[in-house]
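Colleague: Supplied in structure tokens, the structure appears directly below.
The values are calculated or read from the model by the stated rules, or taken from the named source; none is laboratory data. Model, not experiment: these values are computed from the prediction. For neighbour counting, all protein chains shown are included, and Cβ atoms are generated from backbone atoms with ideal geometry for every residue, glycine included. In case anyone asks, the SASA skips ligands and DNA or RNA and just uses the protein heavy atoms, side chains included. Shrake-Rupley method; radii C 1.70, N 1.55, O 1.52, S 1.80 Å.
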Amino acid sequence: MTPGSGSGPMKDCEYSQISTHSSSSPMESPHKKKKPAPKRKWEVFPGRNKFFCNGRIMMARQTGVFYLTLVLILVTSGLFFAFDCPYLSENITPAIPAIGGILFFFVMGTLLRTSFSDPGVLPRATPDEAADLERQIDIANGSSSGGYRPPPRTKEVIINGQTVKLKYCFTCKIFRPPRASHCSLCDNCVERFDHHCPWVGNCVGKRNYRFFYMFILSLSFLTVFIFAFVITHVILRSQQTGFLNALKDSPASVLEAVVCFFSVWSIVGLSGFHTYLISSNQTTNEDIKGSWSNKRGKENYNPYSYGNIFTNCCAALCGPLSPSLIDRRGFIQPDTPQLAGPSNGITMYGATQSQSNMCDQDQCIQSTKFVLQAAATPLLQSEPSITSEELPLPGKTTISGPCATLTLGQPTPPSSMPNLTSDSGLTDMIPLKEEHEGHQFLTPEEAPSPPGMLPSGSPIIHSHTMHVLSLASQDSLHEDSVRGLVKLSSV
């Protein structure tokens, strides 16, 4: 081969940079498991509520009547703007559809604000808080640890000179603050609970009561407004073409008048009732139960009233809006790991007796494993066989050559086993050397024992032939070693 012919392929070679971040690395799996996204608190909320838009919207589970409310408002207002407003704006004034539009949007805004907001749900107690509360109750009552005593259902606090009882909620594990109550439909304790309104699909409490009141008040004005101008439309048309022809020309006006006629009484009455409650600074729940009297001189006077209608209305409608306490869009924090108990057997604060017992069992198991490993280690014979002349007798105290053949870390089997030192039992258990020529082991009789351990008069096998232990003899030796350890540990 000529030099020129070999240089051609070399010129065509190209070097590519090796990527150290290749996805096909053998150390990295091709399918990496993604970490689960952290959950938000609304996803594990214990109450019976529904959440939308990643927890921004909060409603009760029973929302069927709420949709009926939406349909009635939308259909009635839509028919009014489509069939009545054109005639009224031409014959009376264009301000009628403008005022109707303002009322409609205000009604829809306050309705959605009432339905989609947190009414003032109180967070439930955590297990640690509930246990701490029960411990405080036990200490306050002086109850003994012999029997279980349930916590009391009430506490008494004084508000403006009036004694108010705080009830204990066994569902939320808290003492409810004043004016709070547990809603059985939503399964939540609501601060300043007024009532559960199915028409808005939510509870009415401290955080959405003002929007609920503005909703029913504006809906009352809208209903009266639509009903009044529908009648006006029919009257004007009837003057021109007659009453029957007027009904035929605008059939939608008939439907609007019927809906408004049957709904205006309940809506206006509800608005008047809540106006009375606001003026006296009461809730629907308190008024139904008859908790307080309007007269200041009586014993059960209302401690929350300011004594002035204007001040009560300002406090209910114009006061600062408290923030939500449940933080439904917050992330769930991982649990803090608890410290393990001491493993050295010393009783410390927070360590129970069961933990110390578990530590003792772990130590016993580790010791047993050590003895099993030691018993399973065969005694290798690297020197000539030990004869009866070289074995130490009970009366001798010198240890010579045979002990030097044993390696360090290889314990000798227990010598206090009469069943292994007898002639009859040993000849049945120990086979001849010819059966296992490839291995050389020391028998229990050939292994040296410390002086003074062999009882006087115990027979010693005198043999110049090498014997090895069978598998059955090794298993029995292991079992006897473990039994001896258990006996020693029990002593």
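Colleague: Is there a residue being closer than 29 Å to residue 190 by Cβ, among the polar types (S, T, N, Q), surrounded by 14 or more Cβ atoms within 10 Å (Cβ to Cβ) and touching a residue at least 24 places away in the same chain (Cβ under 8 Å) anywhere in the range 75-92?
Modeller: No, the conditions are met nowhere in the range 75-92.
Colleague: If you don't mind, there's one more thing I want to ask. How many of the residues in the range 240-257 are open to solvent by 70 Å² or more (accessible area, probe 1.4 Å) and modelled with pLDDT of 90 or more?
Modeller: Looking only at that region, the number is 1.
Colleague: Let me ask something additional. So, in the range 134-159, of the ones that are closer than 30 Å to residue 298 by Cβ and either at pLDDT below 90 or under 29 Å from the mean Cα position of the chain (by Cα) (or both), which residue ends up most open to solvent (accessible area, probe 1.4 Å)?
Modeller: 153
Colleague: Still on this model: Looking for whichever is at pLDDT 90 or above and either part of a loop (DSSP other than H, G, I, E, B) or open to solvent by 50 Å² or more (accessible area, probe 1.4 Å) (or both) here; the options are 200, 234. Which one fits?
Modeller: Testing whether each residue is at pLDDT 90 or above and either part of a loop (DSSP other than H, G, I, E, B) or open to solvent by 50 Å² or more (accessible area, probe 1.4 Å) (or both) leaves just 200.
Colleague: Is it fair to say residue 116 is among the aromatic types (Phe, Trp, Tyr), modelled with pLDDT of 95 or more, under 27 Å from the mean Cα position of the chain (by Cα) and open to solvent by 40 Å² or more (accessible area, probe 1.4 Å)?
Modeller: yes
Colleague: Hey, another quick one. Please go through the range 184-195 and pick out each residue that is surrounded by fewer than 21 Cβ atoms within 10 Å (Cβ to Cβ) and either assigned to a strand (DSSP E or B) or in contact with an Asp or Glu (Cβ under 9 Å, 6 or more places away or on another chain) (or both).
Modeller: 195
Colleague: Determine which single condition residue 173 fails, assuming it passes every other condition in (1) in contact with a strand residue (DSSP E or B) (Cβ under 9 Å, 6 or more places away or on another chain); (2) surrounded by fewer than 19 Cβ atoms within 10 Å (Cβ to Cβ).
Modeller: With (1) in contact with a strand residue (DSSP E or B) (Cβ under 9 Å, 6 or more places away or on another chain); (2) surrounded by fewer than 19 Cβ atoms within 10 Å (Cβ to Cβ) applied to residue 173, the lone miss is (1).
Colleague: From 107, 71, grab the single residue that is in a helix (DSSP H, G or I), at pLDDT 95 or above and open to solvent by less than 30 Å² (accessible area, probe 1.4 Å).
Modeller: Testing whether each residue is in a helix (DSSP H, G or I), at pLDDT 95 or above and open to solvent by less than 30 Å² (accessible area, probe 1.4 Å) leaves just 107.
Colleague: Hey, does the range 31-38 have a residue that's surrounded by 13 or more Cβ atoms within 10 Å (Cβ to Cβ) and modelled with pLDDT under 95?
Modeller: Within the range 31-38 (the criterion being surrounded by 13 or more Cβ atoms within 10 Å (Cβ to Cβ) and modelled with pLDDT under 95), the answer is no, since none of the residues qualifies.
Colleague: Here is a further query. Residue check, residue 291 against (1) of a type in the set (S, T, N, Q); (2) touching a residue at least 60 places away in the same chain (Cβ under 8 Å); (3) open to solvent by 20 Å² or more (accessible area, probe 1.4 Å), all met but one. Which one?
Modeller: (2)
Colleague: Can you tell which of 271, 322, 266 is in a loop (DSSP other than H, G, I, E, B) and among the hydroxyl-bearing types (Ser, Thr, Tyr)?
Modeller: The conditions single out 322.
Colleague: While we're on this one: Looking at 231, 226, which one is out of contact with any strand residue (DSSP E or B) (no Cβ under 7 Å at 6 or more places or on another chain), in contact (Cβ under 8 Å) with a residue 60 or more places away in the chain and closer than 30 Å to residue 256 by Cα?
Modeller: 226
Colleague: Residues of the range 294-327 being open to solvent by less than 70 Å² (accessible area, probe 1.4 Å), polar (S, T, N, Q) and farther than 15 Å from residue 191 by Cβ, which ones?
Modeller: Passing the criteria: 300, 302, 305, 311, 312.
For every residue, the table says whether it meets (1) closer than 25 Å to residue 223 by Cα; (2) among the small types (Gly, Ala, Ser).
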| position | (1), (2) |
| --- | --- |
| 63 | yes, no |
| 76 | yes, no |
| 88 | yes, no |
| 113 | yes, no |
| 116 | yes, no |
| 119 | no, no |
| 124 | no, no |
| 131 | no, yes |
| 138 | no, no |
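Colleague: Just the residues that are out of contact with any Pro (no Cβ under 8 Å at 6 or more places or on another chain) and part of a strand (DSSP E or B), please, taken from the range 157-180.
Modeller: 158, 163, 165, 167, 169, 174, 175
Colleague: Right, here's the next one. Residue 76 - would you say it is closer than 26 Å to residue 180 by Cβ, of a type in the set (Ser, Thr, Tyr) and at pLDDT 95 or above?
Modeller: no
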